[in-house]
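This report refers to the structure that appears directly beneath it.
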């Protein structure tokens with residue numbers, strides 16, 4: 001999960017490799033200029049540097065600070081510009097973007113919430129053919145006073161291109177009614193790193209073969225959850241089923257048993273929909289980094305491999321696979337100016353009504369080409385910034401997630417996964433008296449919470465957590 005202790009532990013020390021953008025302006029899509037990739041003034045430092053993810057620059061407190069990039073366009077054209085920014089406190093901040101002798105501006109007003117925002121700058125930027133320097137500056141809007149801001153990125157896109165991409169994204173959206181009617185779901189991080197309750201872990205293929213699907217499905221059914229998000233690749237690139245595309249890229253990372261198909265059948269018999277979590281790669285998996293071209297500036301190999309893996313799985317499982325939960329949308333896909341439309345279409349292979357989401361973490365929505373907001377870091381039934389009202393359709397009415405079905409992803413116990421040997425599964429952090437009103441509020445707002453439960457390598461959930469949800473579900477009837 002983005003920003004979590006789990007991924008930081010998985011990544012270990014800072015990686016020697018890093019993705020270097022090509023600086024090319026994309027005439028037919030969005031171009032993302034990451035703040036952490038620019039030439040930054042003293043005092044501007046990256047948040048959580050050194051992993052496979054890129055976050056934002058923090059420490060922006062002085063008007064003389066700036067970030068600069070060099071970009072190159074094949075032909076001259078007009079571009080809209082937006083800055084992904086967050087400001088601590090209520091000081092109004094003036095944003096200035098300068099390129100080719102032009103300066104676009106906008107002000108983040110005092111009444112703006114202290115949350116991540118996509119601030120659209122006034123006017124159009126005419127970029128000439130060839131290389132051009134681009135500079136971003138922030139100043140107090142009233143000319144005096146202190147401010148404290150963080151910047152994630154600058155986005156550039158031609159107005160007509162943006163309008164056409166929006167149109168195509170909306171046409172590709174799936175109907176999330178079933179998702180909202182499910183009321184709440186479970187997520188489990190069952191991976192190649194999962195630990196058994198006792199003894200040494202089994203090798204991955206043996207662990208897949210030994211996973212007790214019926215017992216897991218029975219536990220899931222007792223919770224009353226309407227969906228399960230089951231993790232495939234996370235930290236290490238493995239997949240719990242035969243998968244030719246992954247075997248082609250890196251042999252030895254799949255299993256003989258098709259655990260996904262068995263889960264879909266067992267959960268489906270109990271009226272529970274199956275979704276899959278997938279991570280495109282983490283820095284500690286050096287074999288996968290080399291195999292997929294993770295660090296290459298030309299992203300073709302990485303995304304061709306991604307589309308092959310995701311598309312093969314989607315085609316095989318068809319209607320039995322109800323959705324994909326793709327992690328690091330705003331922190332790994334985004335900085336590569338990802339080909340979102342082609343990724344979304346591959347993710348819907350075999351089921352055009354399959355729900356797809358690229359995790360934004362606490363940042364802005366990274367793309368229009370998905371169906372719901374994952375809500376990692378959201379603890380509020382009314383969603384990020386509290387804009388969702390009870391009795392509505394569960395979609396964000398405004399903000400960067402506008403139009404997307406809301407969900408939230410919450411840790412139920414101690415961590416995302418069960419990775420410590422000889423350690424019992426933990427108790428939940430809520431009592432029934434605490435969880436019941438929280439879940440009732442989520443349901444009233446149509447915001448679908450997905451509760452992450454630790455799971456052992458044997459496929460066991462915490463008995464106390466299952467019993468908690470059994471008690472709480474009675475209060476929702």
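General remarks:
- Compactness of the chain - radius of gyration and Dmax, Cα, Å: 22.5, 67
- Taking the fewest neighbouring Cβ atoms within 10 Å as the starting point, the ordered list for 248, 320, 54 is 248, 320, 54.
- Quarter of Cα convex hull surface for region 239-296, i.e. mean projection, nm²: 4.6
- Degrees separating the helix 159-172 axis from the principal Cα axis of the chain, which is the longest one: 10
- Once divided by 2.2 N^0.38 Å, the Cα radius of gyration of region 128-243 becomes 1.82.
- Folded to 0 to 90 degrees: helix 259-268 orientation relative to the chain principal axis, Cα: 70
- By the count of other C-beta atoms within 10 Å, a proxy for reagent exposure, 20, 229 are ordered fewest to most as 20, 229.
- Antiparallel beta bridges, as assigned by DSSP with both residues in the chain, represent about 60 percent of the total such bridges.
- Averaging 1/r across all pairs of distinct Cα atoms in region 84-173 and inverting the result yields a Kirkwood radius of 14.8 Å.
- Calculated P(r) of region 332-405 - Cα pairs past 17 Å, %: 46
- Between helix 213-223 and the chain: long-axis angle, C-alpha atoms, 0 to 90°, nearest 10: 70
- Column: log10 I(q)/I(0), Debye, Cα scatterers of region 13-80, q = 0.15, 0.17, 0.22, 0.25 Å⁻¹: -0.61, -0.75, -1.04, -1.15
- Fewest-first ranking of 455, 411, using other Cβ atoms within 10 Å as the exposure measure: 411, 455
- Length gained on full extension, residue 423 to residue 24, computed as 0.36 nm times the residue gap minus the Cα-Cα distance: 138.6 nm.
- Measuring how big region 19-165 is from its alpha-carbon positions, Rg and Dmax come out at 14.8, 42 Å.
- Average Cα contact separation per residue, the chain, under 8 Å, 6 or more apart, as relative contact order %: 17
- Two-decimal Rg/Rh across region 165-298, once Rg and the Kirkwood Rh are taken from alpha-carbon atoms: 1.02
Here, each number is a calculation from the coordinates, and none is a lab measurement. Because the structure is a prediction, the values reported are computed rather than measured. Please note: Cβ atoms are built from the backbone with ideal geometry, for glycine as well, and neighbour counts cover all protein chains shown.
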